[in-house]
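Asks: Below you will find the structure I want to go over with you.
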């Protein structure tokens with residue numbers, strides 16, 4: 001359930017620094033003689049991954065794992081790329097939205113379609129690391145945004161929770177405002193325009209569009225695809241229920257205003273729950289409302305990064321790498337991941353999520369009803385930075401939704 005605003009920066013100094021050998025678990029000692037050794041480059045640090053590696057090696061005494069770490073996201077991607085082009089490819093590594101197109105285009109990742117270690121993954125997790133019907137990664141968890149709400153403030157206007165459609169949500173905002181309560185806040189200063197992605201996911205599903213094909217369109221048109229959703233979302237600003245000053249509001253700012261009771265509702269995710277709990281007020285967390293009664297309630301959300309296997313592996317090394325991925329969807333591993341705070345989206349497994357998160361977990365994450373625009377187009381770094389800049393102007397009222405869409409698509413076309 002980790003979300004990051006990511007800007008790719010390729011720094012030669014950082015890349016060079018990451019070539020220094022890092023702490024290793026497993027291979028490299030006399031005790032490993034005769035074992036099959038596989039290398040694993042992770043962006044989860046050694047403290048996080050050691051329990052998995054130790055348990056795997058205990059269950060598979062003929063295999064050792066040589067572990068190394070690079071922090072996400074830009075440094076990790078550059079480190080992996082340096083190793084791949086330098087013929088020092090790790091046997092197992094991370095695949096995610098920022099590098100999956102390069103990895104697939106250059107033939108670096110094994111086709112995992114139909115493998116035992118991907119068959120239990122949810123379809124949304126498979127789609128995230130797929131192209132042309134082939135699966136290239138093992139993604140086992142997901143995150144999704146929702147609407148955090150102050151129960152006491154909503155009760156003042158006769159509501160127990162957030163309504164299920166956008167027009168009804170706007171009606172609630174009006175009642176709150178008429179009652180002297182600031183209705184709603186978003187962290188636009190951090191680029192967090194979450195509502196449009198949720199609407200777009202439902203629109204694409206209703207049209208029967210396979211999201212894994214969006215990057216193959218020529219030209220790519222994320223702006224045109226999201227324009228209807230953006231127009232609907234902008235009603236909360238056009239009608240004055242959210243302040244245009246949100247362009248300068250960070251996630252920390254929005255969270256502080258929400259926990260202090262200055263605003264009734266805040267669009268965020270599970271990463272803020274611990275702060276809400278510590279604040280000691282009565283809060284809830286609801287699904288993002290549907291665009292209308294003709295569309296399903298989608299969330300903005302994303303699968304977690306996946307594990308990939310180097311495509312040129314064969315023999316005992318390939319068997320060992322595949323055993324490791326089988327282990328990573330074992331009950332032991334899924335329980336450990338769940339304890340670490342991940343919302344697992346593997347068939348047959350139920351994460352013990354906090355009470356407030358259950359509706360979103362059951363109705364969005366486990367069903368795959370979530371969408372993140374930047375996951376399904378090439379050049380996601382360009383799309384992220386362009387959208388952040390254009391949304392600032394959109395919320396300020398400097399441009400229209402039509403202009404937003406045109407500017408996004410023009411920038412994407414120039415990046416092809």
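Asks: Based on the Cβ-Cβ distance of residue 178 and residue 119, what FRET efficiency does E = 1/(1 + (r/R0)^6) give at R0 = 60 Å, to the nearest 0.05?
Replies: Working from the Cβ atoms, E equals 0.70.
Asks: Something else: Take every DSSP beta bridge with both residues inside the chain and express the antiparallel ones as a percent of the total, to the nearest 5.
Replies: Counting only bridges with both partners in the chain, antiparallel ones make up about 65 percent.
Asks: Calculate the FRET efficiency for residue 413 and residue 33 from the Cβ-Cβ distance with a Förster distance of 51 Å, rounded to the nearest 0.05.
Replies: E(calc), rounded to 0.05, equals 0.35.
Asks: Which residues in the stretch 220-238 place their backbone N less than 20 Å from a point set 7 Å from the Cα of residue 393 along the Cα-to-Cβ direction?
Replies: Flagged as within label range: 220-235, 237-238.
Asks: Hey, if you drop one equal point scatterer on each alpha-carbon of the chain and run the Debye formula without solvent, what base-10 log of I(q)/I(0) do you get at q = 0.09, 0.13 Å⁻¹?
Replies: For the chain, the Cα-only Debye profile gives -0.58, -1.14.
Asks: Taking the chain as the reference, fit the longest principal axis to its C-alpha atoms, fit the long axis of helix 74-85 to the helix C-alpha atoms, and give the angle between the two in degrees, 0 to 90, nearest 10.
Replies: 30
Asks: Another question about this same structure. Mind giving me the FRET efficiency for residue 352 and residue 316? R0 is 35 Å, r the Cβ-Cβ distance, nearest 0.05 is fine.
Replies: With R0 = 35 Å, the Cβ-Cβ based efficiency is 0.40.
Asks: I want to verify a result. In a Gaussian network model of the chain, Cα cutoff 10 Å, which of these has the top mean-square fluctuation: 68, 304, 50?
Replies: Per the Cα network of the chain with a 10 Å cutoff, 50 tops the list.
Asks: Which whole-angstrom value gives the distance between the alpha carbon centres of the stretch 368-395 and the stretch 138-152?
Replies: Each part's Cα centre sits 19 Å from the other's.
Asks: Using a 10 angstrom cutoff on alpha carbons, build the Gaussian network for the chain and name the most mobile of 132, 342, 160.
Replies: Per the Cα network of the chain with a 10 Å cutoff, 132 tops the list.
Asks: Would you calculate the volume per residue, in Å³, of the smallest convex hull containing every Cα atom of the stretch 205-307?
Replies: 169
Asks: If you don't mind, there's one more thing I want to ask. At a threshold of 8 angstrom on Cα-Cα distance, excluding pairs fewer than six apart, so keeping six or more, what relative contact order does the stretch 44-197 reach in percent?
Replies: Rounded, it is 11 percent for the stretch 44-197.
Asks: Next up: Given 10 Å bins starting at zero, what is the percent of C-alpha pairs of the stretch 274-416 in each, up to the one with the largest pair distance?
Replies: Distribution as computed: 9, 23, 29, 25, 12, 2, 0 percent.
Asks: Mind giving me the nanometre distance, one decimal, between the label points for residue 331 and residue 406, set 7 Å out from Cα along Cα→Cβ?
Replies: 6.0
Asks: Pairs of alpha-carbon atoms within less than 8 angstrom and 6+ residues apart define the contacts here; what relative contact order does the chain have, in percent?
Replies: 25
Asks: Right, another one. Top mean-square fluctuation among 184, 370, 237, Gaussian network model of the chain, C-alpha springs under 10 Å?
Replies: Among 184, 370, 237, the largest GNM mean-square fluctuation belongs to 237.
Asks: While we're looking at this one, here's another question. Would you kindly give the portion of the calculated P(r) for the stretch 138-213 that falls above 15 Å, as a percent of all Cα pairs?
Replies: Of the Cα pairs, 67 percent sit more than 15 Å apart.
Computed from the coordinates by the stated procedures, all read-outs in this text should not be read as laboratory data. Note that the structure is a prediction, hence the values are computed from the model and not measured. Note that we place each Cβ from the backbone using ideal geometry, even for glycine, and neighbour counts take in every protein chain shown.
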